[in-house]
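Report on the following structure.
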Amino acid sequence: MCSGVTDTSFRVFLQRHYRHLSSLDITGCYHISSQAISQLSLCSNMTALYLGNCNQITSDTLRSLGSKLTRLKILDIRGCKGVSSESVMILLSANPHIHTLSLSHVAMVTDGVLEQVARTLLGLHVLDLSGCIKVTSMGVQYLVKHPISALDLGSTAVSFRGCCAVANYLCTTLKQVSFNFCSDVNDECIRKIVQKCKKLERISIFGCSYIRNFNALNRLNPNLVLEI
């Protein structure tokens with residue numbers, strides 16, 4: 001967290017380092033204005049950008065960054081509630097080589113947005129959609145051709161159908177998955193994931209009230225880390 005960082009200190013930092021800056025984490029810097037963050041468009045060598053909970057970010061900010069930043073491989077805009085789907089897609093379309101993306105608790109994320117993400121980011125490996133309450137099982141099905149190794153669907157509207165899609169289509173790559181507080185996920189679909197996803201190392205099912213047979217999951221994969 002960097003809640004003490006102001007526009008003035010941020011601009012001084014950028015003036016000194018923008019030419020060589022390739023990675024920046026300003027998660028939780030909620031005092032930095034949208035106008036100041038827009039100046040990150042000067043950082044043409046940026047490959048990893050963490051803007052989580054920078055609450056002043058607007059759609060115009062993302063459009064500005066999308067017009068200049070084209071080398072991003074990691075993007076985290078979790079909790080940025082003032083952005084539109086159109087502005088997010090402008091930034092993602094300018095950076096088709098993104099492999100790690102967090103859209104956690106971004107209110108505008110819907111199944112339609114996920115369809116666009118799937119068409120744009122063909123090499124997506126890590127995706128965090130936790131808290132995206134408008135994402136359903138339909139949205140998950142758009143991701144089935146991607147080499148996803150880590151997927152967080154906690155507190156979404158994903159149900160049995162989406163869980164089965166994960167088991168059937170991400171089984172060769174998936175290593176970590178979370179369904180925390182997904183109320184419609186049950187023993188049957190979680191068991192299918194554990195059976196089919198041979199590389200699975202960790203599964204989070206905290207708050208899933210319909211899952212009760214934890215011993216059966218451990219028998220299927222004794223090395224599995226089960227978070228309940």
Okay, strands (runs of 3 or more DSSP E) sitting entirely in the stretch 1-79 with 1 or more residues that are of a type in the set (Phe, Trp, Tyr), I get 48-50
Can you name every residue in the stretch 169-181 that is open to solvent by 10 Å² or more (accessible area, probe 1.4 Å) and hydrophobic (A, V, I, L, M, F, W, C)?
-> 171, 181
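Have a look at 87, 93, 102 and point out the one that is polar (S, T, N, Q), in contact with a helix residue (DSSP H, G or I) (Cβ under 6 Å, 6 or more places away or on another chain) and within 25 Å of residue 28 (Cβ to Cβ). Give the derivation first.
On the way: 93 fails: within 25 Å of residue 28 (Cβ to Cβ); 102 fails: in contact with a helix residue (DSSP H, G or I) (Cβ under 6 Å, 6 or more places away or on another chain).
After applying the criteria, what remains is 87.
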Give the residues of the stretch 49-82 that are open to solvent by 10 Å² or more (accessible area, probe 1.4 Å) and among the hydrophobic types (A, V, I, L, M, F, W, C), sorted by residue number.
-> 74
Look at residue 95 and say whether it is crowded, with 19+ Cβ neighbours inside 10 Å and touching a Gly at 6+ places or on another chain (Cβ under 9 Å).
-> yes
Any chance the stretch 141-162 includes a residue that's open to solvent by 10 Å² or more (accessible area, probe 1.4 Å), in a helix (DSSP H, G or I) and of a type in the set (A, V, I, L, M, F, W, C)?
-> yes
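From the list 185, 166, exactly one residue is surrounded by 20 or more Cβ atoms within 10 Å (Cβ to Cβ), free of Cβ contacts under 8 Å to residues at least 40 places away in the same chain, closer than 24 Å to residue 138 by Cβ and in contact with a Phe, Trp or Tyr (Cβ under 7 Å, 6 or more places away or on another chain). Which is it?
Selected residue: 185, the only one of 185, 166 that is surrounded by 20 or more Cβ atoms within 10 Å (Cβ to Cβ), free of Cβ contacts under 8 Å to residues at least 40 places away in the same chain, closer than 24 Å to residue 138 by Cβ and in contact with a Phe, Trp or Tyr (Cβ under 7 Å, 6 or more places away or on another chain).
Could you please give the count of residues in the stretch 188-198 that are in a loop (DSSP other than H, G, I, E, B) and open to solvent by less than 10 Å² (accessible area, probe 1.4 Å)? Break it down into steps so the answer makes sense when it comes.
Our first condition is that a residue be in a loop (DSSP other than H, G, I, E, B); within the stretch 188-198, this holds for 197-198.
Pick out the ones that are also open to solvent by less than 10 Å² (accessible area, probe 1.4 Å) and you get 197.
Total meeting the criteria: 1.
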Restricting the search to the stretch 83-92, which residues are open to solvent by 10 Å² or more (accessible area, probe 1.4 Å) and hydroxyl-bearing (Ser, Thr, Tyr)?
-> 84, 85
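Yes/no matrix, rows are residues, columns are (1) within 22 Å of residue 109 (Cβ to Cβ); (2) touching a Leu at 6+ places or on another chain (Cβ under 7 Å):
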| site | (1), (2) |
| --- | --- |
| 147 | yes, no |
| 158 | yes, no |
| 165 | yes, no |
| 172 | no, no |
| 184 | yes, no |
| 189 | no, no |
| 197 | no, yes |
| 206 | yes, no |
Would a scan of the stretch 107-122 turn up a residue that is touching a strand residue (DSSP E or B) at 6+ places or on another chain (Cβ under 6 Å) and either part of a loop (DSSP other than H, G, I, E, B) or within 27 Å of residue 176 (Cβ to Cβ) (or both)?
-> no
Based on what the data block shows, is residue 120 among the polar types (S, T, N, Q), touching a Leu at 6+ places or on another chain (Cβ under 6 Å), touching a residue at least 12 places away in the same chain (Cβ under 8 Å) and closer than 23 Å to residue 97 by Cα?
-> yes
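The values are calculated or read from the model by the stated rules, or taken from the named source; none is laboratory data. The shown structure was predicted, so the numbers you read here are calculated from the model rather than taken from an experiment. For neighbour counting, all protein chains shown are included, and Cβ atoms are generated from backbone atoms with ideal geometry for every residue, glycine included. Accessible surface areas use protein heavy atoms only, side chains included; no ligands, DNA or RNA. Shrake-Rupley method; radii C 1.70, N 1.55, O 1.52, S 1.80 Å.
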